[in-house]
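Right, one structure below, let's go through it.
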């Protein structure tokens, strides 16, 4: 045993030294890093992992283009554990690593908001594939951008669909008490009120297992539709317990349940669930079919949720590095003025970093299997500043 | 087992060696984790070794006031890290009063940190206008005033929580404080309705920072023209050093005061202390309030430094983190609390993260480990192995290991080491 | 607010409270028995519960083709054994060395217990991450267990709810029999009363303590499996809240008392579901379901202040 341990240790040491020696050997190419920060562990790791893999594919496919500039692009994946404390800690490390030229991230708006306060001070550009909370870009920071849509469009899009297509009258809104879940639930509830729907309840919960108090409230109030603002792990358990107790109300949720994990936990209860999302499935984009094939070939699994958006976000930063060279401020500026044809369509940012024209989707899971069917696709411009 | 007969010269040699080596290394390569660790070891040794006070003071001053700020100008992350260590050290000193001196196991200590942080966050941002009206945020200059206001608010909360909790015996007190800590977090998370006081899970941002024009002028007048992004890290670094100095002074004075001896008496034997005429509840409340006040002040600094507070920063894990620092350093030991805070913070923020990054480098290297009988492709290393995810496991191991093998801590107070080894 | 609605769902509220309360009662017994013999709040018991639930899920997923009855029985056995042995292991590794040293500082075992609790949370997380590359385990669906049946007064219950009640009642009964009617139970009670005197009477306290930990662990593990079955998923941090509530139940019923723990558990279960359901309804959403975890804490503080011996506990004399 001791011998094996020693040999293992020597092996690690040798490989470590080889790594240290590497940059010395290749003096003329500078190594720079593209960071991707998302939760790689914990409840919603599956969504965070997709963001990481999307960026990894972009770095592997597009990174070599930078060789002409004498740059070698490396991926620096970070796990923010969906926790703002961990996220800001990582942000502080990243801004002080002079090789980091850009950040793709985060998944959770609650993490992205404080972390971007730090990126801003060091002109480090952040392109988010997934943060939909309005405040992320509404602060107007020059370094903060997103390739996805916003909650103040996503929520109302869902409300419009609920009122005009599903014809529901009474809704019950639940959220997970995070910055993101509460934000999108609030946007949905407000838009629903404006459409003349009755909001029977607006309840937050940190619970992960026992949703019976909520289910019992639904039984008392008898809503036509239950909306959940939050991520898939809770959304799935909630809908399962609703169906177990014969709550017949329709169930609708947000872009954070757009994962195979939702269907896996909810089982048969996933049938007939609706959700809004800002990340369309690969089937919606002409260029995405080839992407899906490359992705599956490389990682032996299907791209889900934000994988293509992460790829596009990384694409924007890599293109900006090619234009501006290894200079953070110049890269941030180049990103803001970048116009390119991504997999998810034309990408261009407005003056506060929102995508000029973002897509919003309403997806239905008629059979309770993933991925579902797109029942509506809406392209909407980002609302102007201070709307 | 812990001999007191260290010769003065014997201790100084490794100290000086570490100090010189760490300083040069850090100044030459400010990005190196190892260099920082050697520097930190030198600082901690300066603190730990006894004797030669004048030399040690001079050495400490050079290490803290010259070497680190200079290295921090090249790599401001060093300043971030040391500020974080400082904030935790101050809190460990506060918890040390409660757990170490008075023997009251408080598992909800992060609650006071939260109260302090929210005290400034609410008034130093537009948040206060949401329920008070008027014009907020207050100008950044109020920051200094709030350092004192937070002392009062957190001490009050400490008394409020302590009044029911401190009537209980030791182990019940632990679980009640744990519950209270959770209550404070849940309140912070939920007081966004019906009246929006804390802004709930959205958190509060941006939070005003004190204006430091005078500070950059001061730096300029001694010939230091620095880029703007370094001003605040440097300012907070010096502020935290100053606060730790003050808190340490208060701690030393308290532990030698009649009140401090009353705390120790209660810790040793509550019944006997009561028989001696020590008012139990009032004395315990004083300990609770004092500990809370330290934590509250640092909460204000934390809010201004982070620019953002949300309930997720004040969980049970935070409370246990600070407890781990106190236990590692030694219950009741002032130097121990600082050393424990430094070691645990560096382990958590620097060492575990660096190991995780090293794993990532290994993974990207594409190297294959070949042991003859077994081949392993390093790119298949699971991300789940990254040690940075498992802070609870690390704290748990530290707590259990210390309790089993060295309950008096690394730098024990003299009294504790006598007491804990009585039965041997 | 329409009071008719509140009355209409009351039977369902009570039923859900009963199911949750039975889980709390079974966990509470583990705290209660250990506190009885060692005077120690075994913080790690909530993780014993959680790991039992994980073990049960593993077995149940593995036996998904064996049919509901076999899968359920095997899962319950696995949960009980894994948790029982884990509890014994914790006692051996972490608590016994401290007892040997006979330190008079009370904080030492308590801090150790907290450390063990934290350690186990992330150990479970590491296991789930490495083996399943995931954060939680999901209990499989068996048609028989999921089937919903109608009860009078508009209440419904699922197959797994009936299983939970049956198993919990059986476990509580067996435990009561073991502790009250067997020599082993007498030894446990003797050690709880006075460890030194018991050892003078020829009882080996270490053996009794080991058995107590095993029994408490078994109950916790079974509770974990039932909890996971009822609420679908289990993750490494699932133990914390049920643990602290079950401890509250033990204190409420009078620590050391078996009927007390059961009663306390039921009370807290019903209180939590009732409060969580009705408060938002009557306060028009101003005081929401999010406060439901706090009710247990309020009860804990109130009971410790006003009747620290609990509802069914014996009075406590401070030993000097």
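Read the figures in this text as sums done on the coordinates, not as results from a lab. Everything numeric here is computed off the predicted structure, so don't read it as measured data. Glycine also receives a Cβ, built like all others from the backbone with ideal geometry; neighbour counts cover every protein chain displayed.
Using the alpha-carbon centroid of each, what span in Å lies between the stretch A:165-190 and the stretch A:39-103? So the separation of the two Cα centres works out to 31 Å. Over the Cα atoms of the protein assembly as shown, what is the Rg over Rh ratio if Rh follows Kirkwood? Using only Cα positions, Rg/Rh for the protein assembly as shown is 0.95.
From the Cα gyration tensor of the stretch A:48-189, with a ≥ b ≥ c the square roots of its eigenvalues, which class applies: rounded if a/c is under 1.5, or else prolate if a/b is larger than b/c, or else oblate? In terms of gyration-tensor shape, prolate. Over all Cα atoms in the stretch B:213-312, the spread is summed up by Rg and Dmax: 20.2, 63 Å. Angle check, please: helix C:159-181 long axis (alpha carbons) against the longest principal axis of chain C (alpha carbons), in degrees 0 to 90, nearest 10. That helix lies at roughly 20 degrees to the long axis. Taking a ≥ b ≥ c as the square roots of the eigenvalues of the Cα gyration tensor, the stretch C:1-95 is oblate, since a/c reaches 1.5 or more and a/b is not larger than b/c. Could you tell me how many degrees, from 0 to 90 and to the nearest 10, lie between the Cα long axis of helix A:307-324 and the main elongation axis, the longest principal axis, of the Cα atoms of chain A? The angle comes out at about 40 degrees. Extending 7 Å from Cα along the Cβ direction at residue B:226 and again at residue A:300 yields two label points whose distance is 5.1 nm. Remark: mean inter-chain Cβ contacts per residue of B:261-273 equal 1, using a 10 Å Cβ-Cβ cutoff to other protein chain atoms.
Where only DSSP H runs of four or more residues are counted, chain A gives -14000 deg cm²/dmol as its mean residue ellipticity at 222 nm, each run worth -39500 (n - 2.57).
Taking every alpha-carbon pair in chain A and binning the separations at 10 Å intervals from zero gives 5, 24, 31, 22, 11, 5, 1, 0 percent. How many angstrom separate the Cα center of the stretch B:49-73 from the Cα center of the stretch A:231-246? Using only Cα atoms to place each centre, the spacing works out to 59 Å. Relative contact order of the stretch A:200-315, taken over Cα pairs closer than 8 Å and 6 or more residues apart, is 21 percent.
Between the Cα long axis of helix C:107-132 and the first principal axis of chain C there is an angle of about 50°, rounded to the nearest 10. Here the peptides C:240-251, B:194-205 are ranked by packing, the mean other Cβ count within 10 Å, and the order with the highest first is C:240-251, B:194-205. Take B:133-143, B:168-178 and order them by the average number of nearby Cβ atoms within 10 Å per residue, most first; the result is B:168-178, B:133-143.
Site pair residue C:100 and residue A:322 shows an inter-label distance of 6.7 nm when each label is modelled 7 Å from Cα along Cα→Cβ. Binning the C-alpha pair distances of the stretch C:135-293 at 5 Å intervals from 0 yields a P(r) profile of 2, 7, 12, 16, 17, 16, 12, 8, 5, 3, 2, 1, 0 %, listed from the shortest bin outward. Semi-axes of the equivalent ellipsoid of the stretch A:133-274 are 25, 18, 13 Å, computed as sqrt(5λ) over the eigenvalues of the C-alpha gyration tensor in descending order. Extents of the stretch A:203-325, largest first, come to 60, 29, 23 Å (Cα atoms, principal axes, whole angstrom). Among C:100, C:207, C:147, the largest mean-square fluctuation in a Gaussian network model of chain C, built with springs joining Cα atoms closer than 10 Å, belongs to C:100.
Look at the alpha carbon pairs under 8 Å that are at least 6 residues apart: their mean separation over the length of the stretch A:50-125 gives a relative contact order of 28 percent. Taking every Cα-Cα distance in the stretch B:41-181 and sorting them into 10 Å bins starting at zero, the pair-distance distribution P(r) comes out as 10, 26, 27, 26, 10, 1 percent. Neighbouring Cβ atoms from other chains, within 10 Å of the Cβ of residues in B:224-234, number 1 on average. I'd like the distance separating the alpha-carbon centroids of the stretch A:108-163 and the stretch C:151-230, in whole Å. Cα centroid of the stretch A:108-163 versus Cα centroid of the stretch C:151-230: 52 Å apart.
Taking all Cα pairs closer than 8 Å and separated by 6 or more residues, the relative contact order of chain A comes to 18 percent. Volume per residue of the convex hull around the Cα atoms, evaluated for the stretch A:278-387, comes out as 120 Å³. For the stretch B:343-401, what percent of Cα pairs sit more than 14 Å apart? When every Cα pair of the stretch B:343-401 is considered, 62 percent fall beyond 14 Å.
Relative protection proxy for B:276-287, C:15-26, B:63-74, A:117-128, from highest mean packing down: C:15-26, A:117-128, B:63-74, B:276-287 (other beta-carbon atoms within 10 angstrom).
Provide the gained length on full extension for the span residue B:169 to residue B:385, in nm with one decimal, where the gain is 0.36 nm per separating residue minus the Cα-Cα distance.
Details: separation 216, 0.36 × 216 = 77.76 nm, distance 4.08 nm.
Value of the extension gain: 73.7 nm.
The label-point distance for residue C:162 and residue C:92, in a model that sets each label 7 Å from Cα toward Cβ, rounds to 4.1 nm. Computed over the alpha-carbon atoms, the stretch C:150-195 gives an Rg to Rh ratio of 1.33, Rh here being the Kirkwood radius from the mean inverse distance.
How many percent of all Cα-Cα pairs in the stretch B:70-124 sit more than 19 Å apart? Percent of Cα pairs beyond 19 Å in the stretch B:70-124: 48.
Once you have the alpha carbon radius of gyration of the stretch C:39-198, what is it after dividing by 2.2 N^0.38 Å, with N set to its residue count? Before the final figure, lay out the partial values.
On the way: Rg = 19.5 Å, N = 160, 2.2 N^0.38 = 15.1 Å.
Taking the Cα Rg and dividing by 2.2 N^0.38 Å, one obtains 1.29.
If R0 is 30 Å, the Cβ-Cβ spacing of residue B:375 and residue A:61 corresponds to a FRET efficiency of close to 0.60. Alpha-carbon geometry of chain C: the Rg and the Dmax are 19.9, 65 Å, given in that order. Three principal axis extents describe the C-alpha atoms of the stretch B:76-344; from largest down they are 60, 49, 28 Å. If the Kirkwood radius is taken over C-alpha pairs of the stretch A:115-166, then at 4 °C and 1.567 mPa s the Stokes-Einstein diffusion coefficient equals 106 µm²/s.
Rounded to two decimals, what is the ratio between the C-alpha radius of gyration of the stretch B:1-74 and 2.2 N^0.38 Å? Can you show the working numbers first?
Values: Rg = 12.9 Å, N = 74, 2.2 N^0.38 = 11.3 Å.
Rounded to two decimals, the normalised Rg is 1.14.
For the stretch A:228-270, the extents of the C-alpha atoms along the principal axes are 25, 18, 12 Å, listed from largest to smallest.
Taking each residue of C:273-282 in turn, how many C-beta atoms of other protein chains fall within 10 Å of its C-beta, and what is the average? Spell out each step's value before the answer.
Numbers: counts 4, 2, 1, 10, 8, 4, 2, 8, 7, 0.
Mean partner-chain Cβ count within 10 Å for C:273-282: 5.
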